[in-house]
Amino acid sequence: MPNHKVFIGNGKTWLVVSHLQGTSGSGVSLFFDSVFEVDSKGIKEVLSYVSDGQQGGGHEEGTVPNRSFSAFISNYEKNKNYEFITVTHNVSYDTWAYVGEQKSLSLLE
């Protein structure tokens, strides 16, 4: 069963459902969040975004870095004509140096 969250704010109720997208396996995963507006008329999908995942890099002395990423809804605003949902994305890269033992080297966080 997919994970889910409920957000309530600014007179709106939102259902956020996290689900696995596509393939996953050794060194790869990709999750999406689908955002649904819930009101007296029913439920309607309004947004979908990559919410979490990782991709393993090369295995020969860290030739290609590993990548991890995540995202979350950080803000909701409404003005006279539009509604805005802000999604904040985070990504980090690391590689392994094979010198006797594995050590993590952070390239960017």
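The values are calculated or read from the model by the stated rules, or taken from the named source; none is laboratory data. What you are looking at is a predicted structure, and each value in this text was computed from that prediction instead of being measured. Heads up, the Cβs are rebuilt from the backbone with ideal geometry, glycines too, and the neighbour counts pull from every protein chain shown.
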The stretch 78-109, subset at pLDDT below 85 and touching a Phe, Trp or Tyr at 6+ places or on another chain (Cβ under 6 Å), residue surrounded by the most Cβ atoms within 10 Å (Cβ to Cβ): L107
Matching residues in the stretch 13-28 - criterion: being surrounded by 12 or more Cβ atoms within 10 Å (Cβ to Cβ), at pLDDT below 85 and assigned to a strand (DSSP E or B): L20, V28
Candidates N66, N10, N75 - the one that is at pLDDT below 90 and on the phi > 0 side of the Ramachandran plot: N10
Of all residues in the stretch 33-50 being without any contact (Cβ under 8 Å) to a residue 12 or more places away in the chain and either in a strand (DSSP E or B) or of a type in the set (F, W, Y) (or both), the one that is surrounded by the fewest Cβ atoms within 10 Å (Cβ to Cβ): G42
